[in-house]
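Heads up: the structure comes next, in structure tokens.
Every number in this text was worked out from the coordinates using simple rules, so none of it is lab data. Please read these numbers as outputs of a predicted model, since none were measured by experiment. Backbone-built Cβ (ideal geometry, glycine too); neighbour counts: all protein chains shown.
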There are 2 protein chains.
Amino acid sequence: MSRKSKGINAERELIHMLWNRGWAALRTAGSGSMHFPAPDIIASNKLRKIAIECKITKEDKKYFKKTEIQQLKNFSDYFGAEPWVAVKFYRTSWFFINIEDLEDTGKNLLITHKQALIKGLGFFEFLGEIIN
Amino acid sequence: MSRKSKGINAERELIHMLWNRGWAALRTAGSGSMHFPAPDIIASNKLRKIAIECKITKEDKKYFKKTEIQQLKNFSDYFGAEPWVAVKFYRTSWFFINIEDLEDTGKNLLITHKQALIKGLGFFEFLGEIIN
């Protein structure tokens, strides 16, 4: 399976999980020739709107381009949504990371599995169904 | 240009128009193997969220499948958005139609150019920038 297909499958998995918990969720179309920012997923349960940049990796860390996260932030500001990053590492479940919790490496933004365990939220916690 | 391409171009035109007026707007991805409802366009200016089913036609009327409008309604209910239909007839600009204003022909739902002129809103009126 291509890297792109795996990415789309990961997005679809999250969308299934969100609908199963009563949220409306959708994948956004590739930007094509357009230059407007768009997250991978938009979801809402009426009370909360969330914009998600969604990544899977076989490693124990994931880098993001600063422009990518800036665009997520810009879109979310305009739309009135919370900006989140969702990451799935090798054989882990999903972690939801506040973009403020990404580590600035100078060139990129980084989340390691270790930091995700400390700062990230699991799916049900993210949805507010489990209060820590 | 294929019918699909023309449809995508029409969606992109609306998205440009919305961003130009300070709204965040995006095209949704084709449902693919997923069975969840999704409108063509989602947009928000923080205060209002709108879900749009978007059509162009060379005729002076446009039919919608009842299931299509029902799915738009369902999605909008879950998401917390206003459901709208945007239609562009032969050589006209965009009309925004409240789904309650579509005519029930028994099998389908219909909007004619004539009815759109009476019941529809123009772009700026739709955004609340012109009050009639």
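Structure data summary
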| read-out | value |
| --- | --- |
| Nm distances between copies for B:M1, ranked from closest, using label points 7 Å along Cα→Cβ | 3.5 |
| Under 13 Å, Cβ to Cβ, from A:F123 - net charge with Lys/Arg +1 and Asp/Glu -1 | -1 |
| Links that overshoot a 28 Å alpha carbon limit, given the list B:K6/B:K73; B:K4/B:K62; A:K49/B:K6; A:K49/B:K107; B:K65/B:K88 | A:K49/B:K6; A:K49/B:K107 |
| GNM top mover of A:R27, A:R91, A:R12 - chain A, alpha-carbon springs below 10 Å | A:R91 |
| Of B:T57, B:F75, A:T105, farthest towards positive along the dipole that unit charges on Lys, Arg, Asp, Glu beta carbons give the protein assembly as shown | B:T57 |
| R0 of 45 Å, Cβ-Cβ distance B:Q115-A:R21: FRET efficiency to nearest 0.05 | 0.70 |
| Proximal charge balance of B:I99 [Cβ under 14 Å; K/R count +1, D/E count -1] | -3 |
| Listed residues B:K55, B:K73, B:K65, most fluctuating in chain B (Gaussian network, C-alpha, under 10 Å) | B:K65 |
| Selected from A:D40, A:D101, A:D77 as most flexible by GNM, with chain A as the system and alpha-carbon contacts under 10 Å | A:D77 |
| Tensor-based shape of the range A:3-127 (alpha-carbon gyration tensor, a/c under 1.5 rounded, otherwise prolate or oblate) | rounded |
| Sites B:E103 and B:M1, calculated FRET efficiency, Cβ-Cβ separation with R0 45 Å, nearest 0.05 | 0.90 |
| Calculated label separations, B:N74, copies of the chain, 7 Å along the beta-carbon direction, nm | 3.6 |
| Tail weight of P(r) past 24 Å, computed on alpha-carbon pairs of the protein assembly as shown, percent | 51 percent |
| Check: the range A:5-132 dipole with +1 on Lys, Arg Cβ and -1 on Asp, Glu Cβ, in debye | 300 debye |
